[in-house]
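Here's the structure, in structure tokens; my notes come after.
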Amino acid sequence: MSATWCCSWPPTNPATSPACRCASTPAATSSGTTTTSRSSQMLKVNVDGSRCQGHTICAMVAPESFELDEIDGHSTPVSAEVPPEYAEQVREAVRSCPEQAISIIDE
């Protein structure tokens, strides 16, 4: 599943919703397409706790890869290593994070 969502709440699809006012954000400008050539590589993911504000978009886009703190909603990776079948979801989470708190390393 690779979806492109606006940062507004409730979530809207910027391609079809005039309510989206964040056209300059990576989430609104990403194509939403997937590539299979990169998804076979092993990724490592990191969430910068000082930048994460608990928007929870990463967990909505890639629920198998991110877990949320029950108190403040801040995100942490389920595992530093991302299985290949979840790589594109994690890449979309990186593009969708309004705080740019998520980083990935291709290996």
Cα centre as origin, Lys/Arg/Asp/Glu Cβ charges: region 34-106 dipole, Debye: 320 debye
Per-peptide average of other Cβ atoms within 10 Å, ordering 78-84, 43-49, 96-102 highest first: 96-102, 43-49, 78-84
Cα-based equivalent ellipsoid, region 34-106: semi-axes from gyration tensor eigenvalues, Å: 20, 11, 10
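Just so you know, all these numbers are worked out from the coordinates, no wet-lab data involved. Note that the structure is predicted; figures quoted are calculated from it, not measured. Positions of Cβ are generated from backbone atoms using ideal geometry, with glycine treated the same way; all protein chains shown enter the neighbour counts.
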